[in-house]
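Chemist: Sharing a structure, written as C-alpha cells. Questions coming.
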Amino acid sequence: MLFLPPALRLDWLTWRVVGWTLVTAVTAFVSRWVSDAVEAYPRARQGGPAAACNPAAARDEQRLADSPAWRLVERRLADRALAPSRSKPTFERLRVLNVDFGPGGVAIALRERSPLDATVVATDPYAGMTGLARHRAVRRNRRRQPEFVQAWGHGLPFRDGSFDVVLAAGALHGWPNPEAALAEIGRVLKPGGQYLVADLRRDMRLWLWLALRVAQAVVVPRDLRAIDEPGASVRAAYTPHEAEWFAARAKLPAIRVSAGPLWLAVERKRSEALV
C-alpha cells in the first residue's frame, strides 16, 4: 500500500471490511438476478407480439442473424429440409417454400443450398420484414435470391401441391392459429413432399433457461432486450407434445416430432418422403 497517497492508506482491517462489503453486494445482486430469472421461467404459455412489430427490434434481429452462429443454424435447417431431395433426386425442378421467413436468413440458405434451377419462395406477413430480407439477400448473394412474398401463414396464396419442400423456422410460436397454418403447409405440399417446422421449446431445463437469460443480458442487442427477446419467444413457444397435437389436428402426413435441449422439430418421416 506504499504506492497509495497517505489519504488513501487504510489499515488491513479497513481493507477487509471494504472487501467483504463488495462481496456481499455482488452476492446480493447475483442472488436477486437468479431469483428473478427463476421466477420468469415459463410454466405456462404466454403469447405476445413478434419482434417484427417493432422496427428497431426487427433491425436488431437482422444484425444478430448475421452472426456466424446464427448463419450456421440457418444452413443446418436448410440442409435438413433439403436432405430427402438430395438422397432421391428427380428430373423435375425442385420447388421450395419458406413460411414466415423473418430476417430472411433461412430463405437465403435454402436458395444457396438448393439446385441452381430450383424455385425458392419465401412468405412473411410483415411488409417491413420483406424489405429487410430483400436487402440482406442482395448483400449476401446478388445472383441467387429467393422470391419474397407478403402473405400470412394461415392463408398461403398458392395452389394445392405446389411445393416439394416446405420449411418454417421459428414461426410456430407466433402463429395466431397453429393448426390452420400447419394445415396450409400440408395443403401446398405435394404428395410425398418434405416439410419441416422447427421452433424453440418452452419446456427447456431450468439451467438452460438461466443460460439463455445470461446470453440475453450480455449478447442480445438493446432493442431486442427491450421487448424481452428471446425470453418472450420461449414463453410463447410450445412443448413437443403440444406441437405434435397441432400437427395431428392439421392432418400432416407421416408426422415425426424430435426435440433438442432448446428446440423442437415437426417433420415428415424420412422413410415416407418421396421427394
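Readers should treat all values here as calculations from the given coordinates under stated rules, not as data from a laboratory. Please read all numbers here as calculations on a predicted model, not as lab measurements. We place every Cβ from the backbone using ideal geometry, glycine too, and count neighbours over all the protein chains shown.
Chemist: Using a simple spin-label model with points 7 Å from Cα along the Cα→Cβ vector, what separation in nm is obtained for Arg159 and Ala25?
Modeler: 7.1
Chemist: To continue, here is another question. Straight-line reach only, C-alpha to C-alpha below 23 angstrom: list the lysines that Lys251 could link to, leaving out same-chain residues fewer than 8 apart.
Modeler: Within the straight-line limit of under 23 Å, Lys251 reaches these lysines: Lys190, Lys269.
Chemist: Where Lys and Arg each count +1 and Asp and Glu each count -1, what net charge lies around Ala168 among other residues with Cβ under 14 Å from its Cβ?
Modeler: After counting each charged neighbour, the total is -4.
Chemist: For helix 55-65, what angle does its Cα long axis make with the longest principal axis of the chain, in degrees from 0 to 90 and rounded to 10?
Modeler: Helix 55-65 sits at roughly 90 degrees to that axis.
Chemist: Give the calculated FRET efficiency between Ala259 and Arg143 to the nearest 0.05, with a Förster radius of 41 Å applied to their Cβ-Cβ distance. Mind dumping the intermediate values first?
Modeler: Values: r = 37 Å, r/R0 = 0.91.
For R0 = 41 Å, the calculated efficiency reads 0.65.
Chemist: Ignoring everything except DSSP H segments at least 4 long, calculate the 222 nm mean residue ellipticity for the chain; use -39,500 (n - 2.57) per segment, divide by total residues, nearest 500.
Modeler: Calculated from helices alone, the mean residue ellipticity at 222 nm is -14500 deg cm²/dmol.
Chemist: Another question about this same structure. Using only Cα atoms, tell me the angle between helix 178-188 and the longest principal axis of the chain; keep it within 0 to 90° and round to the nearest 10.
Modeler: It is inclined by approximately 40 degrees.
Chemist: Which FRET efficiency, nearest 0.05, do Ala217 and Lys251 yield, Cβ-Cβ r, R0 41 Å? Before the final figure, lay out the partial values.
Modeler: Working: r = 42 Å, r/R0 = 1.03.
Calculated value: 0.45.
Chemist: Still on this structure: Mind pulling the angle between the C-alpha long axis of helix 206-218 and the longest principal axis of the chain? Nearest 10 degrees, somewhere in 0 to 90.
Modeler: Value to nearest ten degrees: 80.
Chemist: Let me ask another. So between Lys269 and His135, what do we pick up on full extension, going 0.36 nm a residue minus the alpha carbon distance?
Modeler: So the extension gain works out to 44.7 nm.
Chemist: What size of dipole, in debye to the nearest 20, comes out for the chain about its Cα centre when the only charges are +1 on Lys and Arg C-beta atoms and -1 on Asp and Glu C-beta atoms?
Modeler: Value, rounded to 20: 680 debye.
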